[in-house]
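Input: a single structure, listed below in structure tokens.
Just so it is clear, none of the values below were taken in a lab; they were calculated from the coordinates. Since we're looking at a predicted model, the values are computed, not measured. Ideal geometry is used to build each Cβ from the backbone, glycine not excepted, and the neighbour counts take in all protein chains shown.
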């Protein structure tokens, strides 16, 4: 991987913690996490996610968030449209979610930028790593929407792609479970949670941590993947301790 530049270099964004396990992170949050039982948006969950992002920002870490669109429309679930059109609708759904999260963070006075795989004139520009990375390095929180900008690719793949483009040292996948298990813990009560696993072990054991394209991008770039519970485990603890949930690595020292 390319050498990672310090998040705070030449800026006023100073870390309050000198012991950050991860200094540059891409967090993938499923759109389904934003949904309540009766509405497309759970405002309490939005407030919670916003606070988690704010706390990581105040620690001095650079953070980018890739948001899904599953609370509005998930392309793969739309059977009455052709696959390309359905995926395009899904990518546009992520832009709606990103605008919502951007608004919440902006209201707290946090420097935040919306960056999209699909540009929408007057709303959001296309992601440009050459320009956006400078803002990211200064501590601006990035909300990445529009997936990769191409149909047939998931937001997991978008997260892996942004991680490489922005020199992240970890991809954090926020889920409903507290890590990666040997089997579905809701079905198999004897399922074992892994604290650490290698990329090769994840493939051999068919753990299905991310879709294969996303997983291979992270493995080739040697970017660790951390899977944790969004609601049970504070994101700042993942950043500072690195021992929460399940960490997928190449087996080298972390």
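Annotations for the structure displayed:
- The label point for residue 19 and the one for residue 190, both projected 7 Å from the Cα toward the Cβ, are 3.9 nm apart.
- Euclidean distance between Cα centres, segment 206-254 to segment 158-177, Å: 8
- The chain - mean residue ellipticity at 222 nm from DSSP helices (-39,500 (n - 2.57) per run, n ≥ 4, rounded to 500): -10500 deg cm²/dmol
- Mean separation of Cα contacts under 8 Å (6+ apart) over length of segment 24-249, as relative contact order %: 22
- Under 20 Å from the residue 229 label point (7 Å along Cα→beta-carbon), backbone N, segment 147-189: 172-189
- Sorting 125, 188 from the fewest to the most surrounding beta carbons within 10 angstrom yields 188, 125.
- Global form of segment 150-254, assessed from the alpha-carbon gyration tensor, a/c cut-off 1.5: rounded
- Spin-label pair residue 212/residue 37, simplified geometry with 7 Å Cα→Cβ offset, distance in nm: 3.9
- With the simple spin-label model, which puts each label point 7 Å out from Cα in the Cβ direction, the residue 47 to residue 78 separation comes to 3.2 nm.
- 161, 20 arranged by Cβ crowding within 10 Å, fewest neighbours leading: 20, 161
- Relative exposure of 76, 219, judged by other C-beta atoms within 10 Å (fewest first): 76, 219
- Calculated on the Cα set of the chain, radius of gyration then Dmax: 17.2, 52 Å.
- Highest-MSF residue in the chain out of 141, 180, 197 [GNM, Cα springs under 10 Å]: 197
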